[in-house]
Amino acid sequence: MEILKQVFNIAGYSLEAIGVLTILAGCIIAGSQFLREWRHNGAETAYNTLRRQLGQSIILGLEFLIAGDIIQTVVVTQTLESAAVLAVIVMIRAFLSFTLEHSIEGRWPWQGHDGKST
């Protein structure tokens, strides 16, 4: 059982590392796309592209970070305190995801593409 716990611990840390790398790679890709857009289409288009791509990479990275936290809390730590910390972390990250989604798309995730609730 201890070996399985170690495997899940490594899996949790690996998912968190993937989340951080996803955000970093997204920043690099968005930065290079920004420079390309700026040269060809001007600052406003480049800025909008940068915001959208950065937001998407942050949202995706947050998903990996949450998955890693869930694995470590549920399988590895298993204390009431760690579960409470996980709940707070998930709420903060969910709030960030929703606000980023609203900022990128101009609508909340539960709204349809026409901006109305579904």
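The values are calculated or read from the model by the stated rules, or taken from the named source; none is laboratory data. Predicted model only: the values in this text are computed from it and were never measured. Because the Cβ atoms are built from the backbone with ideal geometry, glycine has one as well, and the counts that use them run over all protein chains shown.
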**Message:** I'd like the full set of residues that are among the hydrophobic types (A, V, I, L, M, F, W, C) and farther than 19 Å from G106 by Cα, limited to segment 31-51.
**Reply:** F34, L35, W38, A43
**Asked** Looking at I66, I10, I71, I59, which is the one that is at pLDDT below 95 and farther than 25 Å from F95 by Cα?
**Response** I10
**Selection from segment 27-45 of residues that are farther than 17 Å from S103 by Cβ and either among the aliphatic types (A, V, I, L, M) or touching a residue at least 60 places away in the same chain (Cβ under 8 Å) (or both)** = I28, I29, L35, A43
**Prompt:** Under the condition of being surrounded by 15 or more Cβ atoms within 10 Å (Cβ to Cβ) and of a type in the set (S, T, Y), which residue from segment 1-55 is farthest from G68 (Cα to Cα)?
**Reply:** T49
**Fill in**
Selection over segment 56-106 where residues are surrounded by 15 or more Cβ atoms within 10 Å (Cβ to Cβ) and polar (S, T, N, Q) yields a count of 7
